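Values quoted throughout were computed directly from the atomic coordinates according to the rules given, and no laboratory measurement underlies them. Computed from a predicted model, the values in this text were never measured in an experiment. Please note: Cβ atoms are built from the backbone with ideal geometry, for glycine as well, and neighbour counts cover all protein chains shown.
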Amino acid sequence: MSADAHAASPAVDDEGRPLSPQYHVAHHFDNADHQFQANKLGIWLFLAQEIMFFSGLFCAFILFRAKYYDAFVEAHHHLDKVMGGINTIVLICSSLTMALGVRAAQTNKRKLGVAMLVMTFLFAATFLVIKYFEYHHKFHDGLLPGRHFTAEGFVHPEANIFFGIYFVMTGVHGVHVIVGMALILWITVKMYRGRFSSRYYAPVEGVGLYWHLVDLIWIYLFPLLYLIG
Amino acid sequence: MSQTVAAEGHPKDDEVEGGKTLNYWNAKKGILSWLLTVDHKRIGIMYLFSVLTAFLAGGIFALLLRLKLLTGHDNLVTAPQYNKLFTLHGAMMVFLFIIPAIPGSIANFMLPIMLGAKDVAFPKLNLMSLYVYWTGALMALVAIVFGQIDTGWTFYTPYSASGSGPVILMTLAVFILGFSSILTGLNFIVTIHKMRAPGMTWYRLPLFLWATYATSLVQVLATPVLAITLLLLALESGFSVGIFDPKLGGDPVLFQHFFWFYSHPAVYIMILPGMGIMSELIAVHARRKLFGYKAVAFSSIGIALIGFLVWGHHMFISGQSEIATTVFSFLTFLVAIPSGIKVFNWVATLWGGSIAFTTPMLYALSFLFLFTIGGLTGVYLGMLNVDIHLTDTYFVVAHFHYVMMGGTVMAFVGGLHHWWPKMTGRMYNERLGAIGCALVFIGFNMTFFTQFILGSRGMPRRYYNYLDQFQPLHAFSTYGSWVIGLGFFLTLGYLLHSLKYGAKAPRNPWGGKSLEWLTESPPITENFHDTPVVTSGPYDFMGDEHGITPALQHHPKDDPSHTPAYDPGHHDPAAKTEEKS
Amino acid sequence: MNEHGHIELSTFWLPRQSSTIAHQVDFAWNVVTLVSIFFFVLVVGAMLIFVWRYRRRTEHDITSTVEHNFRLEVAWTILPLAICIGLFVVGFRGYVNASVPPGDALEIKVVATQWAWDFIYPNGTKSRNEFRMPAGRPVKVIMSAADTPKSDTEVRPAVIHSFFIPEFRVKQDVVPGLYTTLWFTAPEPLDTILLCTEYCGDNHSKMSASVKVMENAAFNEWMENGGDDAKGMPPAEHGLKLYSKYGCNACHTIDGSPRQAPSFKGLFGRKEAFNDGSEIAAVDENYIRESILNPTAKVVKGYQGIMPMFKGVVTDKEVDDLIAFIKTLK
């Protein structure tokens, strides 16, 4: 990202509060920039392995869709496109507020940063609430995975496989959203306490990158599960 | 080698406390100082202790298995008990020993030092990796003691998904262990990219680090696929999600694809670090520049990448299509080539060297012998029609023990001896070292070469009872296992003995050229007093192109009688030197 | 484990070549063995020679700084690659040959359960743990894994097995929910053994079947007769054959030694207690019959109810003959 870290930085932030204490460079790094570079590479590697994690699920989806095309087409109509669509918009907005939060940290705007992060957290919570309602409907209608599938009126029996994959994919994604919320909470508190500034914002950026990936995965998930027919 | 002062100079020059020199062992005292350490060396030692414990347990299971197999009739244990034993032997050896062993212990210890760094990029993450490993190991132990799984370490569905609680616990244990592997790999990649000392270019890295880098790539990219596979298996087991259950429309063979997509790259996680150690052992104990440095370096990367493409060779008869089977066979032959190139380069490094018969060198030579057999028998298994006869027989068991044990374990033990003086500050007994190596080598061939014969004759794997005609070979194989056991127990014994009674080790007992031999034995917590500046390669035994040797002269504080009186400055005018190292 | 036969060897390493593709497989084996011996001798030989020739003489030895030899490195990359491709082709050709069944193959269905092999011949004849086939004709097996019935209502869900006849050089996984096929021709009548080679639970290593390659005429006669070759055999003697044919021997010994099931020795007339608290004063024909057809009805105390159900598998006469056999075991 930006090289603000080493430009001559102000001693106070936009409200006149003193900046976070001199960023502690861990003993095994040469300087702050060195530490920052290492942290960034670490986060990107972590994201790479997250992608590999989800890729297995996407593979399973593609394979079973090819095998049971008609069943999948029939089953996917029972997903609520409206709720899914709203959730997509919610997540995209959360990515926006997250990015603005990171920017705020980089430019010493503590209050704005906290506000943006809180909004991100709220968007994430909204996502989960909508998800809860979606799941609730499915449970109610017996649209459940595998052995537990009890819904009536399906021409093709392999709808249970579709819902198996649906629940595992959205469930695992949901777990990542919850973890993301915990991380956002953590950096919100730290930002509130004034720990981040143009001299030190690596954790905010790291959580931001993670959050963008969570969003990105949903952006692939939504059309594949809900839309294509 | 000129030196500069590091960014934060802490001149802890051989601090003396009550007459004793401070090093990473005694710098801080008390159990909490170990459990809450961020020193990669202490973490490496704790890993070492853990993986050796796992090796001991897995080894005892193996001895029990072989004991039962003295005859093909019922004896010693029941069939269900036997099935649990081989499952545990496999699961413990794969997940608790061989995957974490070299990266967690030797690489953790040596990587930063070889780079000229003070620590890995993320020391706290390193400690977390260790704790995650312990958590997974503990869960696995609980699954073992209370759950008694018997699916084989490969957990094939539908057998493994038939709703048994212990399977869920075991799969979750392995899931957690996987994270330890991922985080270690991530840490190492960042460390190698970002923490190299000034002058340490990529082509001046010791080859152990190239191998570690390749291994880390596989750890980071392949292990998550295992994670999702195990998660799906646990969900299948617990909630009958149906993905692998044919009755619910699922596909049991899909599990095999998912499983082997990780587990084949996993075998490269197992062997690559061993190959990295091989380069170190041969170059240093033959005191000769490594032949074909770049070829060896890039072959590690090549093996890591091609290794992702061959998983289907575990599944030729699984019911997958003939086209897939053919493609996988072809790609499998390709992955053999980089391994072969390494072996040729190592042999070429022996040419023109000055070979000492130290214990590390003996283990390296054993590796060459045993890994060659292991690799060649892999070629047998890559051939389509031959594999149909050999797969799922003892031939496969022999093949993978030759590469994993004859390969990785030999390299691991050799590396342990090679760096033992550095890590512990003590020398072990060379005579006992040679005897231990000989016992293991002989016992190993007795045990496992016999199993090639059993397999080609038609003896299937995972059999509690077997046809009478196989009894003599099985008995011989069991006797071999006792010789191996003896060899390893002897080795453990003299190594432990050396901790207290071994001669004090000098900085550079072998005359190595990589950065770790600059430090004290054992090193101080900070590794280096001042950040080294690198001006030559790691195997420049006869000097760089200007005939100047790096000043790895013996430190005045070392006992000169122990350090080989290395004679710098002599340069053979007849030998051709390259422009670049 | 010898009840179903054994593996006849032709060389130190390999079994008898009992099928038409065995020769090609063994040829491929020989080729790769030659290549392997060549490289092994090269590598280990060079290693030993160098280790001797270049052993350390003094602490001041000069070592070579040669680190490249372009021609050598190209050679040891290209040559092994070419050899590997050659080996691939040898294996591939053998594989193609072994994969494509001739059109006129005799089809036999194979059903694998835990832990028995059932064979169903074209005219409906069935046999268990005994695979019979005609010599000189291609045979194609169509295989699947099925649930193992434990009682009228309970089953053990199907798992993967693998069909392996070492002397034929054939092997194929038997998968639930899928049909897998395999074909082979055995030119000469002979006896050999079939082994399960994909781990399938407790009695995986006891899941074998005898393989009887018969003269075509004899095979047809056997098949027409409904697979019954017990004509005229005394009941107890037939019962002994059935004891091994149906795999009872996997769990029930006849010499009194314990396994996962009560021994048959002294069974008839014995007093038995059951897991549900009830008892029988003396084991009789009815009890044995019920145990065969519906094994989980009464499980002897201290044992697990793992016996598969034989209802629909054994005929009434076979039950009678088994009872006769058990009666002889005092």
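Expressed as a whole number of Å, what is the distance separating the alpha-carbon centroids of the range B:427-467 and the range B:339-364?
Result: 23 Å between the Cα centres.
Under a crude label model (7 Å from the Cα following the beta-carbon direction), how far is C:Ser278 from C:Leu190 in nanometres?
5.2
With a 10 Å cut-off between alpha carbons and a GNM built on chain A, which of A:Pro145, A:Pro203, A:Pro157 moves the most?
Per the Cα network of chain A with a 10 Å cutoff, A:Pro157 tops the list.
For chain B, what class follows from the C-alpha gyration tensor (a ≥ b ≥ c being the square roots of its eigenvalues): rounded when a/c is under 1.5, otherwise prolate if a/b is larger than b/c, else oblate?
Since a/c reaches 1.5 and a/b is larger than b/c, the shape of chain B is classed as prolate.
By the gyration tensor of its Cα atoms, with a ≥ b ≥ c the square roots of the eigenvalues, what is the shape of the protein assembly as shown: rounded for a/c under 1.5, prolate for a/b over b/c, or oblate?
Judged from the Cα gyration tensor, the protein assembly as shown comes out oblate (a/c at least 1.5, b/c at or above a/b).
Indicate the gyration tensor shape class of the range C:160-286 (rounded, prolate or oblate), computed on the Cα atoms with a ≥ b ≥ c the square roots of the eigenvalues: a/c under 1.5 is rounded; otherwise a/b larger than b/c is prolate and the rest oblate.
Note, shape of the range C:160-286 comes out oblate.
Using the Karplus equation 6.51 cos²θ - 1.76 cosθ + 1.60 (θ = phi - 60°), what ³J(HN,Hα) coupling, rounded to whole Hz, does each residue of the range C:83-93 give in order, writing x for Gly and Pro?
5, 4, 5, x, 5, 4, 5, 4, x, 5, 4
Given the convex hull of the Cα atoms of the range B:281-365, what is a quarter of its surface area in nm²?
Orientation-averaged projected area of the Cα hull: 6.5 nm².
Only bridges with both residues in the protein assembly as shown count here: give the DSSP antiparallel percent, nearest 5.
Working: 41 of 55 bridges.
Percentage antiparallel, nearest 5: 75.
So, in Å, what gap is there between the alpha-carbon centers of the range C:195-214 and the range C:276-330?
24
Which longest uninterrupted range of chain B lacks any GluC sites (Glu not before Pro) assigned by DSSP to a loop state (not H, G, I, E or B) and surrounded by at most 14 other Cβ atoms within 10 Å?
B:16-544
Please tell me which of these pairs span more than 28 angstrom C-alpha to C-alpha: B:Lys28/B:Lys118; A:Lys40/B:Lys124; A:Lys40/A:Lys190; A:Lys40/B:Lys29?
Violating the 28 Å limit, Cα to Cα: A:Lys40/B:Lys29.
Pick from C:Met223, C:Met207, C:Met47 the residue whose mean-square fluctuation is largest in a GNM of chain C, springs joining Cα atoms under 10 Å.
Ranking C:Met223, C:Met207, C:Met47 by mean-square fluctuation puts C:Met47 first.
In nm, to one decimal, how far is the modelled label at A:Ala182 from the one at C:Ala82, with both set 7 Å along Cα→Cβ?
Reported label-point gap for A:Ala182 and C:Ala82 is 6.0 nm.
Evaluate E = 1/(1 + (r/R0)^6) for B:Thr71 and A:Asp70, where r is the Cβ-Cβ distance and R0 equals 56 Å; express this FRET efficiency to the nearest 0.05.
Efficiency at R0 = 56 Å is approximately 0.50.
What does the charge add up to near A:Gly146, with Lys and Arg as +1, Asp and Glu as -1, over the other residues with Cβ less than 15 Å from its Cβ?
Computed value for this residue: -1.
Around C:Gln260, under 12 Å between beta carbons, what's the net of Lys plus Arg minus Asp minus Glu among the other residues?
So the surrounding residues net to 0.
Could you put B:Met110, B:Met128 in order, starting from the residue whose Cβ has the fewest other Cβ atoms within 10 Å?
Going from sparsest to densest Cβ surroundings: B:Met128, B:Met110.
From Cα pairs below 8 angstrom and at least 6 apart in sequence, can you work out the relative contact order of chain C, rounded to a whole percent?
17
Determine the sum of side-chain charges near A:Thr170: Lys and Arg each +1, Asp and Glu each -1, restricted to other residues whose C-beta is under 11 angstrom from that of A:Thr170.
Within the 11 Å Cβ shell, the charges total +1.
If you find the alpha carbon centre of the range B:30-81 and of the range A:182-229, how far apart are they in angstrom?
Distance between centres, Cα-based: 41 Å.
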